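**Student:** Have a look at this one before I ask anything.
The values are calculated or read from the model by the stated rules, or taken from the named source; none is laboratory data. Everything numeric in this text was worked out from a predicted model, so none of it was measured. Please note: Cβ atoms are built from the backbone with ideal geometry, for glycine as well, and neighbour counts cover all protein chains shown.
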Amino acid sequence: MKVRMASPLLPSLLAVSMLLGGCYGSKNSSAPAPAETTPQAPAAATSTEPAAQPELQVLNIHAPEEIPTMNTLGSIDVFAARIQNSVFEGLYRVGQDSSPVPGMAESYDLSEDGKTYTFHLRKDAKWSNGTPVTAHDFDFAWRKSINPDTQGIYSYLLLDIKNAAKIQDKNDPLFKQIDQLGISAVDDYTFKVELEQPVPYFLGLTTYAPFFPQNEAYVTSQGDKYALEADTMIYNGPFVMAAWQHDQGFTLKKNAAYWDKASVKLDQINAKVVKEIGTLVNLYEAGELDFVDKLSSDYIDQYKSSPEFSTTLQPNDYFFRINHKNKYLSNLNIRKAIDMAWDKEGLVNVILNNGSIPAYFLVPKGLASGPDGKDFRESNGDFNKTDIAKAQEYWKKGLEELKTTSINLNYLTYDNDKTKRITEYIKNQLEKNLPGLTLTINMQPNKQKLALEEKVAFDLDYGGWTPDYQDPMTYIDLFVSDGPYNQSNYANPKLDELVKKAKSTADVKERWQLMLDAEKLILDDVVIAPVYQVGSANLAKPYVKGIAAHPFGADFSYKWASVDGKKK
């Protein structure tokens, strides 16, 4: 997902270690639903004074950008995924320890061959308009995502479902025969999913926005207006969107119709769009914000000794997408030079200073471990480490092959303070170390940047990816020839074959080796130029409790959060 297994141990947002559970289901699994809590009866009045009303729990946060879309089948970024996860819910959701826990489904059965899931939906789940959430809502949304006429941008995540790829292949006899998709609403509360082959992380996928349900009657009634405003959606998650002022902010309120509302302590979440880090800090100090994530290096020394400060290393990367149809960037020596000619250590230690580490890889550290128990990073090591002298050799050779002495490249990036500093640092490093290179910066708001990326309207594009599930494939298959997020005009049949084999084999050791080989090919060919693995520096007021941090899908969950004692 744009920025965005074994169980590695990561620190949580609030400096509490959390174990990242795997996404592997077992036969006849019936995980218990979160326990309902019984509200305490109010104490009897001891005077004629009116009883004091309980103070509303309101969390104030910031939004880094306007939400690009609230349609779960649309193109979403990390923050949009966080908010969609707050107001919608799939068959399962990401739990407090980042393992899948029951959502709209209270249990599932898994066939002996690992290819058929039968989900049993809870009968007390309702949409915010009072309509029951049924298996038909999942059937409708998933078919809509796969159907070539209404295809969701993340439909590739559903391609392991039986016949899904064939339905999207115009050269296949099953093209557009959406009735042949391997899903069925057996009855209102039983939803069956047949896969082409076992997918060890499939249960985790069901926690992610593209797998959320949609109510056909309601969506149809809204037509083209669906999900464009707060009042053109209905919700089945812990919160509802009560107001949405585009480019300014939004308000979430506790969903009275949510099946597990007893676990939801927050009454309201207010989000304000703030792009400048200095403004964020001022609002935090003034008590107008309760939680700030992704603090910039300017303020880390100021807060690093505060109990309100914490850092995490997250399993997501930033890198340069490279337009391989650019006449200069189609040259491998030029790509190698750009990848190796700048100081990544300086970037993470001085410019970021937030726990980030240099990236000489695609698949981040701490995402997944293989059959031998080793982290993917430990097994594959680093690629193309900084070597300015070597980079200059590649540069000189590339210029000679292209018969030129200068290259001007468009450098697409985000229009915020933090990214501006990163952009300027990399531009200065590359232009200094690669004589004849000029980078023309194109800073764009997130929504416009996403549109330019979709059209590959750039030469170099500074962007990131957050894993959709806990497996290296969430990064590796980005760059297959027909991948919807390839967005770099790159095509290599050898990579396509490695990915295809890895997705079809039932041999876990063979699958792991194929993914190791695929990453090596991607980095040897400099399909992308890695920048850094993300560390996040955060500030949270002492009264903020229970915000859960996740390594994939939605980065934070507010379902279990509270702000007890905020005004003491």
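**Student:** Answer yes or no as to whether Pro551 is crowded, with 21+ Cβ neighbours inside 10 Å, in contact with a strand residue (DSSP E or B) (Cβ under 6 Å, 6 or more places away or on another chain) and closer than 27 Å to Lys374 by Cα.
**Tutor:** yes
**Student:** Answer with yes or no whether Asn492 is crowded, with 16+ Cβ neighbours inside 10 Å, more than 29 Å from His550 (Cβ to Cβ) and in the same structural domain as Asp339 (by TED's automatic domain parsing).
**Tutor:** So Asn492 passes the test.
**Student:** Follow-up question, since we're still on this one. Do any residues in the range 293-322 that are under 17 Å from Ala548 (Cβ atoms) and among the aliphatic types (A, V, I, L, M) have Cβ atoms under 6 Å from those of residues that are modelled with pLDDT of 95 or more and part of a helix (DSSP H, G or I), where the two are at least six apart or on different chains, and which pairs are they?
**Tutor:** Between residues of the range 293-322 that are under 17 Å from Ala548 (Cβ atoms) and among the aliphatic types (A, V, I, L, M) and residues that are modelled with pLDDT of 95 or more and part of a helix (DSSP H, G or I), there is no close pair.
Residues checked against (1) modelled with pLDDT of 95 or more; (2) over 17 Å from Glu89 (Cα atoms); (3) surrounded by 21 or more Cβ atoms within 10 Å (Cβ to Cβ):
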{"residue": "Gly130", "(1), (2), (3)": "yes, no, no"}
{"residue": "Ser145", "(1), (2), (3)": "yes, no, yes"}
{"residue": "Asp149", "(1), (2), (3)": "yes, yes, no"}
{"residue": "Ile167", "(1), (2), (3)": "yes, yes, yes"}
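**Student:** Related question: Which residues, taken from the range 188-225, are closer than 13 Å to Phe119 by Cβ and either within 20 Å of the chain's Cα centre (by Cα) or not assigned by TED's automatic domain parsing to the domain that holds Ala141 (or both)?
**Tutor:** If the condition is that a residue be closer than 13 Å to Phe119 by Cβ and either within 20 Å of the chain's Cα centre (by Cα) or not assigned by TED's automatic domain parsing to the domain that holds Ala141 (or both), then Phe202, Leu203, Leu205, Thr206, Thr207, Phe211, Pro213 are the ones that fit.
**Student:** Pick from the range 187-214 the residues that are over 30 Å from Pro472 (Cα atoms) and of a type outside the set (Ser, Thr, Tyr): which of them is surrounded by the fewest Cβ atoms within 10 Å (Cβ to Cβ)?
**Tutor:** Among those that are over 30 Å from Pro472 (Cα atoms) and of a type outside the set (Ser, Thr, Tyr), it is Asp187.
**Student:** Out of the residues in the range 540-568 that are part of a strand (DSSP E or B) and touching a Ser or Thr at 6+ places or on another chain (Cβ under 8 Å), state the one that is farthest from Lys344 (Cα to Cα).
**Tutor:** Among residues in the range 540-568 that are part of a strand (DSSP E or B) and touching a Ser or Thr at 6+ places or on another chain (Cβ under 8 Å), the one farthest from Lys344 (Cα to Cα) is Lys545.
**Student:** Taking the condition of being of a type in the set (A, V, I, L, M) and assigned to a helix (DSSP H, G or I), how many residues in the range 398-431 meet it?
**Tutor:** 5
**Student:** Inside the range 319-332, can you point out the residues that are crowded, with 19+ Cβ neighbours inside 10 Å and either under 19 Å from the mean Cα position of the chain (by Cα) or assigned to a helix (DSSP H, G or I) (or both)?
**Tutor:** Within the range 319-332, Phe319, Phe320, Arg321 meet the criteria.
**Student:** Of the numbered conditions (1) under 30 Å from Ala549 (Cβ atoms); (2) outside any loop (DSSP other than H, G, I, E, B); (3) in contact with a Ser or Thr (Cβ under 8 Å, 6 or more places away or on another chain), Ile441 satisfies every one except a single condition; which is it?
**Tutor:** Result: Ile441 passes all but (1).
**Student:** For the range 90-138, which residues satisfy the criterion of being over 14 Å from Pro213 (Cα atoms), out of contact with any Pro (no Cβ under 8 Å at 6 or more places or on another chain) and among the aliphatic types (A, V, I, L, M)?
**Tutor:** Leu110
**Student:** Step by step: first the residues of the range 489-513, then only those that are under 24 Å from Asn323 (Cα atoms) and among the acidic types (Asp, Glu), then the one that is farthest from the chain's Cα centre (by Cα). Which residue is that?
**Tutor:** By that ranking, first place goes to Glu497.
**Student:** Same structure, new question: Can Asp375 be described as within 17 Å of Tyr462 (Cα to Cα), among the acidic types (Asp, Glu) and buried (at least 16 other Cβ atoms within 10 Å of the Cβ)?
**Tutor:** For Asp375, the condition - within 17 Å of Tyr462 (Cα to Cα), among the acidic types (Asp, Glu) and buried (at least 16 other Cβ atoms within 10 Å of the Cβ) - is not met.
**Student:** Does at least one position in the range 358-367 carry a residue that is assigned by TED's automatic domain parsing to the domain that holds Tyr475, closer than 19 Å to Lys520 by Cα, modelled with pLDDT under 95 and touching a Ser or Thr at 6+ places or on another chain (Cβ under 9 Å)?
**Tutor:** The answer is yes; a qualifying residue exists.
**Student:** Moving on. Condition first: closer than 19 Å to Ala125 by Cβ and assigned to a helix (DSSP H, G or I). Now tell me which residues in the range 211-225 satisfy that.
**Tutor:** Phe211, Glu216, Ala217, Tyr218, Val219
**Student:** Report, by residue number, each residue of the range 347-364 that is surrounded by fewer than 22 Cβ atoms within 10 Å (Cβ to Cβ) and aromatic (Phe, Trp, Tyr).
**Tutor:** The one that is surrounded by fewer than 22 Cβ atoms within 10 Å (Cβ to Cβ) and aromatic (Phe, Trp, Tyr): Tyr360.
**Student:** Here's another thing I want to ask about it. Out of Leu295, Leu313, report the one residue that is more than 24 Å from Gln392 (Cβ to Cβ), part of a loop (DSSP other than H, G, I, E, B) and within 27 Å of the chain's Cα centre (by Cα).
**Tutor:** Leu295
**Student:** A further question on this structure: Looking at the structure I just gave you, is Pro173 more than 27 Å from Pro467 (Cβ to Cβ), surrounded by fewer than 19 Cβ atoms within 10 Å (Cβ to Cβ) and of a type outside the set (Lys, Arg)?
**Tutor:** Against the criterion (more than 27 Å from Pro467 (Cβ to Cβ), surrounded by fewer than 19 Cβ atoms within 10 Å (Cβ to Cβ) and of a type outside the set (Lys, Arg)), Pro173 qualifies.
**Student:** Does the range 429-438 include one or more residues that are of a type in the set (Val, Ile, Thr) and within 23 Å of Asp247 (Cβ to Cβ)?
**Tutor:** No.
**Student:** Moving on to the next point. For the range 215-225, indicate whether the set of residues that are surrounded by fewer than 22 Cβ atoms within 10 Å (Cβ to Cβ), basic (Lys, Arg), modelled with pLDDT of 95 or more and closer than 21 Å to Ala554 by Cβ is non-empty.
**Tutor:** Checked against the condition, which is being surrounded by fewer than 22 Cβ atoms within 10 Å (Cβ to Cβ), basic (Lys, Arg), modelled with pLDDT of 95 or more and closer than 21 Å to Ala554 by Cβ, the range 215-225 yields no hits at all.
**Student:** Which of (1) of a type outside the set (S, T, N, Q); (2) at pLDDT 95 or above; (3) under 24 Å from the mean Cα position of the chain (by Cα) does Tyr156 not meet, given it meets every other one?
**Tutor:** (2)
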